[in-house]
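The block underneath contains the structure these notes are about, expressed in structure tokens.
The values are calculated or read from the model by the stated rules, or taken from the named source; none is laboratory data. In this text, all values refer to a predicted model and were calculated from it rather than measured experimentally. When we count neighbours, we look across all protein chains shown, and the Cβ atoms used for this are built from the backbone with ideal geometry, even at glycine.
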Amino acid sequence: MRKDQVPQDSCLLAGQREICYAIDEAGHYVLTPTAGWEPKNIANLQAWEVIRDQLQETLAAIRAGRASALAFHMARNQMDVPLLAAYVDLPRWRVRRHLRPDIFARLKPALLERYAAVLEISVAELCTVPERIELPVPVEEK
Amino acid sequence: MKIDFAHHQSAHCESGVTSNLLRHRGLEISEALAFGLGSGLFFGYVPFVKLNHLPLITYRNAPGGIFRKVTRRLGVKIARQKFRQPQAARAAVDRLLDAGVPVGAQTGAYWLPYFPPALRFHFNMHNLVVVGREGDDYLISDPIFPEVLSCPAPDFEKARFARGTMAPKGKIYYVRDAPAQVDLAAAAKSAIRDVCRTMLKTPVPYAGIRGMRLLARHLEAWPEKLGARAAGIHLGHMIRMQEEIGTGGGGFRFIYAAFLQELGERLRRPELLPLSAAMTASGDRWREFAVVGARLCKGRGREGESYAALADLLRDSAVREGALFRELLGAARTL
């Protein structure tokens, strides 16, 4: 890659620059800042679209009474049951049970607080789901 | 308090941390040299190891390997430690900082507040250097970022004890003793042979050139086997692994080319320069692969662009890189 070809397709880095390696006119390697690159942005946005789809499915399940609010906050933090279970130090089967709305509704405050602390939200937020999904990237809702 | 530590922004976290830590001890080792001497270059495709339901595809060696190998080859004495208790992990860092030692640490990326939100994924192989403490904040030289940053202690602790695949477990590492003179040629010889051997002579079909061929074969079958959408997600995943923050572009090929160039100049071995140029060309081919791949992901493939064409591009890369690494192996023999 030549230095004058280093892409500057800003999209995801929030104004940050990262470094890439490119050659100057004399064929010498120099460190060159880049604001991003289109193919990489596409691949990253695609990863976020997968997260968005998952969140929308989860929201639908919650509204249909098939899942608890915890399922949303787990997906919002890009976690699955094994990962969330590791963070709250619970066996997986218990976390899986807490994804059921009837069981989640009966959880003790101490356990709710443990979840809230791990996910860095308040207990009140943990027990509700937002109207709209907000993601830190420009992907449209379906 | 803040240690007088020269922060250099780099492309890749582990080689950047290694380079910054060694420079702090007076060894002039650039990021590219650290990457090369640590045998950072690799290719691996392990279809049955899944991350987020996607196969493991990697362009670099195992985490921690760069720091371990560079320091071993240069005769630098290091110390490494993992922790069970966050309190003990924090106390160890504080003790080292008080003694004026910059501390390398492996962390998760998800909980670091200074990361751009769009790049906060559960990725546990991030590396950074702790260079000071101000009240309840740690001062962090994160090689991906242009400046030294400050990070609140609770967030930092969460990042050090991130859970999941390859959990860092509070891992720290630092330089204990560095020699005044190093034998660059001997270190480079062993490092280059190491890379060439893993790329060419791997006994399993998942690594090196054989891994590239296996991936080409599987990639061709993705649209039929997985359906258009999942195939696109797999391809996007591969592009991210190749171009995501830290590779310096082209799946680390450009950093490695920079290493060969710097080595050729410092050791006065002009025969390494054409090999560096060939490695640059190889990186350019990987970039081309990413351009076409991204178009296919979006369903915007042009005339003649298909998964089969991508697989051919990959096989072509495998042939050329095979020849390149064989030549490099020969050149390393005389170093």
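Examine region B:316-335 for a residue that is modelled with pLDDT under 95, under 16 Å from B:Ile239 (Cβ atoms) and among the charged types (D, E, K, R), and state whether such a residue exists. Among the residues of region B:316-335, not one is modelled with pLDDT under 95, under 16 Å from B:Ile239 (Cβ atoms) and among the charged types (D, E, K, R), which makes the answer no. Contact map, region B:277-293: first residue touching a residue at least 24 places away in the same chain (Cβ under 8 Å), second residue outside any helix (DSSP H, G or I) and crowded, with 24+ Cβ neighbours inside 10 Å, Cβ cut-off under 7 Å, separation 6 or more or different chains; pairs are B:Gly283/B:Gly249; B:Gly283/B:Gly250; B:Asp284/B:Gly250; B:Trp286/B:Gly250; B:Trp286/B:Gly251; B:Arg287/B:Gly249; B:Arg287/B:Gly250.
On the given criteria, is A:Ala14 more than 8 Å from every other protein chain (Cβ to nearest Cβ), in a loop (DSSP other than H, G, I, E, B) and free of Cβ contacts under 8 Å to residues at least 12 places away in the same chain? Judged against the criteria, A:Ala14 is not a match.
Which ones in region B:243-296 are in a loop (DSSP other than H, G, I, E, B) and acidic (Asp, Glu)? Steps first, please.
At the first step, the residues of region B:243-296 found to be in a loop (DSSP other than H, G, I, E, B) are B:244-252, B:267-271.
Correct list: B:Glu244, B:Glu271.
So, in region B:293-314, of the ones that are at the interface with chain A (Cβ under 9 Å from one of its Cβ atoms) and crowded, with 21+ Cβ neighbours inside 10 Å, which residue ends up farthest from A:Lys3 (Cα to Cα)?
My answer is B:Cys297.
Annotation note: of B:Arg229, B:Arg240, the sole residue that is touching a Lys or Arg at 6+ places or on another chain (Cβ under 8 Å) and either without any contact (Cβ under 8 Å) to a residue 40 or more places away in the chain or part of a loop (DSSP other than H, G, I, E, B) (or both) is B:Arg240. Among the residues of region B:145-167, those that are surrounded by fewer than 24 Cβ atoms within 10 Å (Cβ to Cβ) and in a loop (DSSP other than H, G, I, E, B) comprise B:Phe145, B:Pro146, B:Glu147, B:Val148, B:Phe161, B:Arg163, B:Gly164, B:Thr165, B:Met166, B:Ala167.
Scanning region A:17-28 for residues that are modelled with pLDDT of 90 or more and not in a strand (DSSP E or B) yields a count of 5.
Only residues that are closer than 23 Å to B:Trp111 by Cα and either polar (S, T, N, Q) or touching a residue at least 24 places away in the same chain (Cβ under 8 Å) (or both) were counted across region A:96-124, and they come to 6. Residue pairs whose Cβ atoms lie under 6 Å apart, sitting 6 or more positions apart in sequence or on different chains, and linking a residue in region B:127-146 that is free of Cβ contacts under 8 Å to residues at least 60 places away in the same chain to a partner that is β-branched (Val, Ile, Thr) and not in a strand (DSSP E or B), are B:Val130/B:Val93.
Name the residue, out of A:Lys3, A:Lys108, that is out of contact with any Cys (no Cβ under 8 Å at 6 or more places or on another chain), at pLDDT 95 or above and not aliphatic (A, V, I, L, M). Outline the logic, then answer.
On the way: A:Lys3 fails: at pLDDT 95 or above.
Sole residue among the options that is out of contact with any Cys (no Cβ under 8 Å at 6 or more places or on another chain), at pLDDT 95 or above and not aliphatic (A, V, I, L, M): A:Lys108.
Could you please tell me which pairs satisfy a Cβ distance under 7 Å, a separation of 6+ or placement on different chains, a first residue in region B:157-183 that is farther than 25 Å from B:Phe5 by Cα and within 14 Å of chain A (Cβ to nearest Cβ), and a second residue that is assigned to a strand (DSSP E or B) and at pLDDT below 95? These pairs meet every condition: B:Thr165/B:Leu51.
Considering only strands (runs of 3 or more DSSP E) fully contained in region B:12-119, which possess at least 2 residues that are under 14 Å from B:Tyr173 (Cα atoms), in contact with a Lys or Arg (Cβ under 9 Å, 6 or more places away or on another chain) and touching a residue at least 24 places away in the same chain (Cβ under 8 Å)?
Values: elements: B:41-51, B:54-60, B:77-81, B:103-107.
Once the strands (runs of 3 or more DSSP E) in region B:12-119 are filtered for at least 2 residues that are under 14 Å from B:Tyr173 (Cα atoms), in contact with a Lys or Arg (Cβ under 9 Å, 6 or more places away or on another chain) and touching a residue at least 24 places away in the same chain (Cβ under 8 Å), what remains is B:77-81, B:103-107.
Just so you know, in region B:232-254 the residues that are aliphatic (A, V, I, L, M) and under 21 Å from B:Pro47 (Cβ atoms) include one that is nearest to the other protein chains (Cβ to nearest Cβ), and it is B:Ile239. On inspection, A:Leu99 fails the criterion of being more than 27 Å from B:Asn124 (Cβ to Cβ) and modelled with pLDDT of 95 or more. Restricting attention to region B:81-109, the residues being of a type outside the set (A, V, I, L, M) and within 18 Å of the chain's Cα centre (by Cα) number 4. Of everything listed in (1) more than 20 Å from the chain's Cα centre (by Cα); (2) at the interface with chain B (Cβ under 7 Å from one of its Cβ atoms); (3) under 24 Å from B:Tyr114 (Cβ atoms), the single unmet condition for A:Met1 is (3).
Which ranges mark the helices (runs of 4 or more DSSP H) fully within region A:29-142 that have 1 or more residues being more than 10 Å from every other protein chain (Cβ to nearest Cβ) and within 17 Å of the chain's Cα centre (by Cα)? Quick ask: steps written out before the conclusion?
Values: elements: A:38-63, A:69-76, A:81-88, A:92-98, A:101-105, A:109-119, A:123-126.
Per the criteria, A:38-63, A:69-76, A:81-88, A:109-119, A:123-126.
Would you check which residues across region B:1-11 are in a loop (DSSP other than H, G, I, E, B) and surrounded by fewer than 24 Cβ atoms within 10 Å (Cβ to Cβ) and list them?
We begin by selecting, within region B:1-11, every residue in a loop (DSSP other than H, G, I, E, B); these are B:1, B:3-11.
Result: B:Met1, B:Ile3, B:Asp4, B:Phe5, B:Ala6, B:His7, B:His8, B:Gln9.
Residues in region B:87-103 that are under 17 Å from B:Ala178 (Cα atoms) and either loosely packed, with under 15 Cβ neighbours inside 10 Å or among the hydroxyl-bearing types (Ser, Thr, Tyr) (or both): 2 in all.
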